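Heads up, the thing below is written out as structure tokens.
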Amino acid sequence: MQKKLLGFGLGLRTDHYETILNEKPVIDWFEIITENYLVPGGKPHYYLEKIRELYPMVMHGVSMSIGSSDPLDWQYLKEVKALAQKIEPEWISDHLCWTGVQGKNVHDLLPLPYTEETINHVVDRISQVQDFFQQRILIENVSSYVAYQKSIMSEWEFLKEISERADCLILLDVNNIYVSSVNHEFNPDDYLTAMPKDRIYQIHLAGHSDRGDYIIDTHDHEIVDPVWNLYSSALRHFGMVSTMIERDDNIPPLSTLIEELNIAKKIAQTTLAKEVA
Ligand SMILES: [Fe+2]
């Protein structure tokens with residue numbers, strides 16, 4: 001299957017609804033947080049439908065909990081599928097993580113132990129979800145602050161193996177790779193080198209909070225230079241990939257995010273021009 005290239009997008013946030021409809025800014029596409037639109041009707045759907053008429057969209061979820069030992073939440077999956085049938089996104093993504101157990105949602109994207117047992121478990125669940133959605137999904141690497149003693153491989157080996165066995169696609173969060181590389185002291189380039197190029201369908205860029213000894217993935221700051229550099233490395237490895245900026249807190253005016261998106265465009269142009277040369 002030919003990889004779809006959407007260009008440069010932003011996360012759709014309520015603060016920007018009116019500006020988007022009034023100004024119709026030049027943004028290639030929007031990523032929506034799936035959970036914000038699972039209840040049909042009301043204001044969120046009013047804006048969603050209006051904006052969908054103007055821009056391509058992708059759906060990004062935070063509640064699939066694909067790694068949990070709880071059964072898959074079929075009610076949730078049905079709601080996601082219904083939303084997808086309505087807005088016809090380019091693709092649906094969620095995270096390679098678990099978000100709770102025994103019916104409790106901790107509202108955090110928690111890392112998994114990198115073991116064969118976890119791989120088998122997650123591959124089976126991604127396959128079930130893909131069968132149900134009748135399309136491949138993208139799974140995203142999360143940032144992490146702790147590691148499991150039981151892990152027997154690196155995060156990048158784990159992600160690669162799961163994507164290949166489940167035949168799913170990858171949403172690579174470059175900021176998360178950077179955050180985890182600092183917290184766990186690995187070389188982020190090893191991560192990029194290991195990735196199966198043809199499965200990388202989307203890149204996330206974001207800012208984070210630097211707490212000195214460790215970094216937290218907070219999505220409330222502008223993107224820092226080491227993450228821009230890593231983005232450039234990622235494009236050298238994978239060629240052009242649909243790219244978007246996530247901003248979830250301390251949200252600036254849309255024009256500020258468009259300026260930041262223009263930096264991503266410039267980096268992509270320069271990096272890819274050098275590759276061609
Ligand atoms: Fe992300």
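Quick check: from the Cα gyration tensor, does region 24-106 come out rounded (a/c under 1.5), prolate or oblate?
Judged from the Cα gyration tensor, region 24-106 comes out prolate (a/c at least 1.5, a/b above b/c).
For region 67-74, in order, what is each residue's ³J(HN,Hα) by Karplus, 6.51 cos²θ - 1.76 cosθ + 1.60 with θ = phi - 60°, in whole Hz (x at glycine and Pro)?
Residue by residue, region 67-74 yields x, 5, 8, 5, x, 4, 8, 5 Hz.
Each label point is 7 Å from the Cα along the Cα-to-Cβ direction; what then is the distance between the points at MET153 and ALA82, in nm?
For the pair MET153/ALA82, the computed spacing is 3.8 nm.
Mind jotting down the distance between the C-alpha centroids of region 218-261 and region 32-103, whole Å?
The distance from the Cα centre of region 32-103 to that of region 218-261 comes to 22 Å.
Please go through the residue pairs LYS4/LYS50; LYS43/LYS265; LYS50/LYS274 and name each one whose alpha carbons sit more than 30 Å apart in this structure.
Pairs exceeding the cut-off: LYS43/LYS265; LYS50/LYS274.
For region 138-192, what does the alpha-carbon gyration tensor say about shape, rounded, prolate or oblate, given a ≥ b ≥ c as the root eigenvalues, a/c under 1.5 as rounded, and a/b over b/c as prolate?
oblate
With r as the distance between the Cβ atoms of LEU38 and GLU185 and R0 = 35 Å, compute the FRET efficiency 1/(1 + (r/R0)^6) and round to 0.05. Spell out each step's value before the answer.
Numbers: r = 39 Å, r/R0 = 1.11.
Rounded to the nearest 0.05, the efficiency is 0.35.
May I ask you to derive the FRET efficiency for ARG165 and GLN135 from their Cβ-Cβ distance with R0 = 25 Å, giving the value to the nearest 0.05?
0.90
Express in nm, to one decimal, how much length is gained between TYR46 and VAL146 on full extension, taking 0.36 nm for each residue of separation and deducting their alpha carbon distance.
Between TYR46 and VAL146, full extension yields an extra 31.9 nm.
Based on Cα coordinates alone, diagonalise the gyration tensor for region 161-273, multiply each eigenvalue by 5, take square roots, and list the semi-axes in whole Å, largest first. The partial results should precede the final answer.
Numbers: eigenvalues 97, 66, 36 Å².
Ellipsoid half-lengths, sorted descending, are 22, 18, 13 Å.
Could you tell me what percent of the DSSP beta bridges with both partners in region 162-277 are antiparallel, to the nearest 5? If you can, show how the numbers build up before the last one.
Details: 2 of 11 bridges.
Taking every DSSP beta bridge with both residues in region 162-277, the antiparallel ones total about 20 percent.
Amide H neighbours of SER93 under 5 Å, counting only residues 5+ apart in sequence or on other chains, H built in-plane at 1.01 Å?
The answer is MET59, HIS60, GLY61, LEU138.
For GLU53 and ASN105 in the same chain, what is the full-extension length gain: residue separation times 0.36 nm, less their Cα-Cα distance, in nm?
15.4 nm
Pop a pseudo-label 7 angstrom from the Cα along the beta-carbon direction at both ILE216 and VAL276 and give the gap in nm to one decimal.
Here the modelled spin labels are 4.3 nm apart.
Compactness ratio of the chain: Cα Rg over 2.2 N^0.38 Å, N = residue count?
Values: Rg = 18.0 Å, N = 277, 2.2 N^0.38 = 18.6 Å.
The reported ratio for this selection is 0.96.
Non-local amide H neighbours of GLY11 (under 5 Å, H modeled in plane, Pro and chain starts lacking H): which ones?
GLU31, ILE245, ARG247
Roughly what % antiparallel, to the nearest 5, for the DSSP beta bridges in region 29-178?
Expressed as a percentage, antiparallel bridges in region 29-178 total about 20.
Could you compute how fast region 12-67 diffuses translationally, taking Rh as the Kirkwood radius over C-alpha pairs and applying Stokes-Einstein at 25 °C with viscosity 0.890 mPa s? Give it in µm² per second.
In µm²/s, the coefficient is 204.
Under a point spin-label approximation (7 Å from Cα along Cα-to-Cβ), what is the VAL224-LEU21 distance to one decimal in nm?
3.8 nm
Calculate for the chain the 222 nm mean residue ellipticity that helices alone would give, adding -39,500 (n - 2.57) per DSSP H run of length 4 or more and normalising by residue count, nearest 500 deg cm²/dmol.
Values: 9 runs with 119 residues, N = 277.
Per the formula, -13500 deg cm²/dmol.
Quick one: compute the contact order of the chain, relative version, from alpha carbon pairs under 8 angstrom and 6+ residues apart, as a percent. Provide the component values of the computation, followed by the final result.
Details: 466 pairs, mean separation 48.0, N = 277.
Once normalised by length, the contact order is 17 percent.
Mind listing the phi-derived Karplus ³J(HN,Hα) values for region 234-248, rounded to whole Hz, using 6.51, -1.76 and 1.60 with θ = phi - 60°, and x for any glycine or proline?
Computed from phi, the couplings for region 234-248 are 4, 5, 5, 6, 10, x, 5, 9, 3, 10, 9, 9, 9, 9, 10 Hz.
Show me 26-36, 103-113 ranked by packing, highest mean number of other Cβ atoms within 10 Å first.
Ranked by mean Cβ neighbours within 10 Å, highest first: 26-36, 103-113.
Taking a ≥ b ≥ c as the square roots of the Cα gyration tensor eigenvalues, with a/c under 1.5 meaning rounded and otherwise prolate when a/b beats b/c, else oblate, which class fits region 98-172? Walk me through the intermediate numbers first.
Details: a/c = 1.66, a/b = 1.22, b/c = 1.36.
Oblate shape, in that a/c is at least 1.5 and b/c is the bigger or equal ratio.
Values quoted throughout were computed directly from the atomic coordinates according to the rules given, and no laboratory measurement underlies them. None of the values given here were measured: they were computed from a predicted structure. We place every Cβ from the backbone using ideal geometry, glycine too, and count neighbours over all the protein chains shown.
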